[in-house]
1. Need the C-alpha centroid separation for segment 43-85 versus segment 89-134, integer Å.
2. Using the Cα atoms as the points, what is the convex hull volume per residue of segment 136-187 in Å³?
3. Let me know the number of lysine pairs in segment 213-336 closer than 17 Å at the Cα, not counting same-chain pairs under 8 apart.
4. Given 5 Å bins starting at zero, what is the percent of C-alpha pairs of segment 292-336 in each, up to the one with the largest pair distance?
5. Rounded to the nearest 10 Å², what accessible area does Asp88 show when all protein chains are kept and the probe is 1.4 Å?
6. What order do you get for 147-159, 15-27 when each peptide is scored by the mean count of other beta carbon atoms within 10 Å, highest first?
7. Give me the percent of the accessible area of the chain that comes from carbon and sulfur atoms, probe 1.4 Å, all protein chains in place.
8. Can you compute the charge dipole magnitude of segment 2-335 about its Cα centre, using +1 on each Lys and Arg Cβ and -1 on each Asp and Glu Cβ, nothing else charged? Give it in debye, rounded to the nearest 20.
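The values are calculated or read from the model by the stated rules, or taken from the named source; none is laboratory data. If you're wondering where the values come from, they're calculated on a predicted model, not measured in any experiment. FYI the Cβ positions are ideal-geometry reconstructions off the backbone, even for glycines, and counts take in every protein chain you see. Remember, those area values only see protein heavy atoms, side chains included, never the ligands or the DNA or RNA. Shrake-Rupley method; radii C 1.70, N 1.55, O 1.52, S 1.80 Å.
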Amino acid sequence: MVTILVGGQWGDEGKGKIVSYLCLNDRYDVTARAGVGPNAGHTVEYKGKKYGLRLTPSGFLTPGTRLLIGAGVLVDPQVILKEIRELDVGDRIGIDRRCGIIEEEHIRRDRGSSHLKEKIGSTGTGCGPANMDRANRSLRLAGDVPELKPYMADVPKELNSAIEAGKKVLVEGSQGFGLSLYYGTYPYVTSKDTNAAQACVDVGIGPRDVKEVIVVFKSYPSRVGEGPFPTELSPAEAEKQGIVEYGTVTGRRRRTGTFDFDMAREAAMINSASQIALTCVDYIDKTSRGAKRYEDLTERARRFVDRVEKEVGVPVTLISTGPDLSETIDLREEKL
Ligand code: GTP
Ligand code: IMP
Ligand code: MG
């Protein structure tokens, strides 16, 4: 049984938190990372500890869960080897031998290009130039890197056997709908598609195996880097609302805005969303912070959640009211 989780805005919707929550709560056997590469920064907060992950699947907190990185994901060996060491996940991580490798040269090209760094506002992590080399068929693959040898895996084979054996598989995307190379705010996008169908391709499974598609939306969406943001708030308005966020990877201040219902409907359609996870509901109303039951939300927060469900036309099954995994309202039993 496969669940795919993707972002519905411009990334940083809180996918890392929701994936970790689902994995711990539902005991997934396997989590597989899809998406672009180490331009992502997933934050996971659990029991007073805060983790910032760039390549490791966010299911790492669940003991025994197999952690896979699909062939569509770019790997920076230095980044993944550091995470493997620090999180002590060497015995359960598997990297597909066909993952593209980010070299120093890609990072230099990313940071040295005024088009990428200044006009687009790239994360400077080398992903764009590495994907250019992949399309040019001149990129080195993970199977050619001796340091990664202990972790080599055939991700599609593992996933398809797990599916056949009836195991639970969670595929996590990175970035978000608005950063898709095809459907996002081109040219202010990342170097690849970021939607659920692409996530299947990234890890090597077919669409018929997917049972649920969860799209994560943030109550006040954010955007780092350049590009249009129709519902953007001024920095002063955002501060008044108590929303000041900085990027996990770049440390840049995130632009923030109010919920864009048109964009959310389009994201839900293109991803064939079956569920919505709505994060940062505590930004709507500070007194809702940490609520664990729907009834504990303020009326204002409940009205907002109900409006998202109604206007987007997809059930809101998970509500996040704070960064910690415990700060979650899980409505799946009632709504599905
Ligand atoms: P990318 O993969 O880079 O797109 O990131 P992501 O979707 O995993 O999100 P990221 O962790 O970069 O950003 C979300 C931020 O919001 C993190 O700092 C989280 O700890 C925090 N967060 C997640 N859920 C909530 C919530 O419900 N309320 C509040 N206040 N913060 C939250
Ligand atoms: P690149 O993917 O580094 O080339 O960056 C292209 C655009 O996507 C820039 O606007 C980045 O800020 C944005 N971006 C890439 N990855 C993320 C992410 O994980 N979260 C938020 N924005 C991202
Ligand atoms: Mg992030």
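1. Distance between centres, Cα-based: 17 Å.
2. Details: hull volume 8.4 nm³, N = 52.
Cα-based convex hull of segment 136-187, divided per residue, equals 161 Å³.
3. Details: Lys218/Lys286; Lys218/Lys310; Lys240/Lys286; Lys292/Lys335; Lys310/Lys335.
Total qualifying Lys-Lys pairs in segment 213-336 comes to 5.
4. Values per bin, smallest distances first: 5, 22, 30, 29, 13, 2.
5. About 120 Å², ignoring ligands and nucleic acids.
6. On the way: 147-159: 17.5, 15-27: 22.6.
Highest-to-lowest ranking by the protection proxy: 15-27, 147-159.
7. On the way: 7020 of 14280 Å².
Solvent-exposed carbon and sulfur of the chain make up 49 percent of the total.
8. Working: 48 positive and 48 negative charges, 62 e Å.
Using only the charged Cβ atoms, the result is roughly 300 debye.
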